[in-house]
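Each remark here refers to the structure printed beneath this line.
The values are calculated or read from the model by the stated rules, or taken from the named source; none is laboratory data. Please read these numbers as outputs of a predicted model, since none were measured by experiment. A quick note on method: Cβ atoms are made from the backbone with ideal geometry, for glycine too, and the neighbour counts reach across all protein chains shown. Note: accessible area is taken over every heavy atom of the protein model, side chains too, but ligands, DNA and RNA are not part of it. Shrake-Rupley method; radii C 1.70, N 1.55, O 1.52, S 1.80 Å.
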Amino acid sequence: MAGTSSAAVAVLTAAALGTVGFLAYRAQTAAPAALGGTPAAHASPSASASKAPRDRHNPTALPGGSGTGERVVYSVDDDRVWLVDDRGRMQRTFPVRPGNVDPPPGTYWVTSRSHAVTGTDGRPVEHVVRFTSVQGVAIGFSAAVGDGTGPAPDPGVKTGGIRENREDGDAMWRFATIGVRVIVIR
């Protein structure tokens, strides 16, 4: 009887792994070429690297071509973030202060979160929402604890923290849970 149970567990485990593998393959092949794969691995600019259209009369308006549905939109050129709900309505926008390592334009997903850590610049930060890494440097949104002042970061240290003020960091923390898309644009 023990052999039958072990065999059943092995069959169910193999079926589950096969299903997960199939779904991962389907997700990869269903993504548009410009958005699929790992954008950080691409060294050359692609069509997604062009600047998203902006409303010249309202510079804080959600940029056209920044995706659909629920997402965080981050413009590396404008140092601005938009939080967009599942109906495509902007819930909040705010300026950010990026580190010295930028993520390439593309589509990412929130992969990890930490309530409080020490940033690569040595400052305590909270509400860390990570979505990729570039050359071993974690890239994510965070808010500096306290008033955000302190000694200037060492210019020789690569930093991927995209800093928000604490109020905006709270909003990001509530909005950007694991699996939420992050669209990086120019």
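Exactly one residue out of Arg71, Arg89 is open to solvent by less than 20 Å² (accessible area, probe 1.4 Å) and either in contact with an Asp or Glu (Cβ under 6 Å, 6 or more places away or on another chain) or of a type in the set (D, E, K, R) (or both): that is Arg71.
Does Ile178 meet the test of being more than 19 Å from Arg92 (Cβ to Cβ) and open to solvent by 40 Å² or more (accessible area, probe 1.4 Å)?
When the stated conditions are applied, Ile178 passes them.
Might you let me know whether segment 167-183 holds any residue that is in a strand (DSSP E or B), in contact (Cβ under 8 Å) with a residue 24 or more places away in the chain, within 13 Å of Pro98 (Cα to Cα) and among the hydrophobic types (A, V, I, L, M, F, W, C)?
No; the residues of segment 167-183 include none that is in a strand (DSSP E or B), in contact (Cβ under 8 Å) with a residue 24 or more places away in the chain, within 13 Å of Pro98 (Cα to Cα) and among the hydrophobic types (A, V, I, L, M, F, W, C).
With a requirement of 3 or more residues that are under 23 Å from Glu167 (Cβ atoms) and at pLDDT 95 or above, the strands (runs of 3 or more DSSP E) lying completely within segment 60-151 that satisfy it span 71-75, 80-84, 90-95, 112-118, 124-134, 137-144.
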